[in-house]
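See below for the structure under consideration.
The values are calculated or read from the model by the stated rules, or taken from the named source; none is laboratory data. Small disclaimer: the values here were computed from a predicted structure and weren't measured. Here the Cβ positions follow ideal geometry from the backbone for every residue, glycine too, while neighbour counts run over all protein chains shown.
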Amino acid sequence: MPRLMALDVGEARIGVALSDPSGFLASPCTTVRVSRDESETWARLQQLIEETEAEGLVVGLPISLDGAIHAQAERIIAFTERLKAHISLPVSFWDERLSTVEAERLLTERGEYTHTSRQKSSKGSRGGKGSSGRRRNQRGQHEIDALAAAVILQEYLDHHPQKRENERPLRSNQTEETET
């Protein structure tokens with residue numbers, strides 16, 4: 001199976017995840033800052049595609065809980081259409097519903113995330129945190145974005161199983177399921 005890359009596209013950052021070469025496991029990779037100059041964003045994504053030898057791209061699409069595509073999803077579709085002009089990979093969309101919530105839950109379970117770390121610190125330093133607290137919060141947001149991309153990709157991989165190299169082929173007289 002080809003190595004896949006997934007994107008969790010946000011307004012400020014894009015979370016990036018990769019599959020292992022077998023297409024079994026997705027892992028967070030990095031976060032790309034969305035530049036005002038889109039050519040910088042395209043160049044960074046193309047660089048990642050080349051460095052990782054990704055052969056396909058999965059883009060998270062925020063479909064609402066009622067199944068409708070609203071403004072945020074339309075923005076991501078438009079972003080992806082512009083991106084396609086700069087890459088030569090096949091692109092698939094995958095429902096990213098609640099992927100960030102799942103990423104936050106996973107980090108919370110590991111003890112690396114608290115809900116308050118997601119809130120923006122727009123009123124300056126409080127409680128003696130200063131800028132180091134904001135840096136920690138930014139680092140946490142980057143982790144969440146990449147982990148959300150990994151959640152999207154893992155769900156995609158789980159729904160598109162590929163024949164694994166280590167699976168033995170069936171003999172002509174064998175069936176996949178044994179009857180009892």
### Query
When the residues of the stretch 24-52 are filtered to those that are in contact with a His (Cβ under 7 Å, 6 or more places away or on another chain) and either surrounded by fewer than 18 Cβ atoms within 10 Å (Cβ to Cβ) or at pLDDT below 95 (or both), which remaining residue is farthest from residue 85 (Cα to Cα)?
46
### Message
Take residue 21 and tell me if it is surrounded by fewer than 18 Cβ atoms within 10 Å (Cβ to Cβ), over 18 Å from residue 144 (Cβ atoms) and free of Cβ contacts under 8 Å to residues at least 40 places away in the same chain.
### Response
yes
#### Entry: Selection from the stretch 72-110 of residues that are modelled with pLDDT of 95 or more, closer than 21 Å to residue 160 by Cα and of a type in the set (Asp, Glu)
none
### Message
Looking only at the stretch 85-94, filter to residues that are free of Cβ contacts under 8 Å to residues at least 40 places away in the same chain and either under 12 Å from the mean Cα position of the chain (by Cα) or surrounded by 13 or more Cβ atoms within 10 Å (Cβ to Cβ) (or both); which one of those is nearest to residue 4 (Cα to Cα)?
### Response
91
### Selection count, the stretch 35-70, where residues are over 20 Å from residue 145 (Cβ atoms) and of a type in the set (A, V, I, L, M)
3
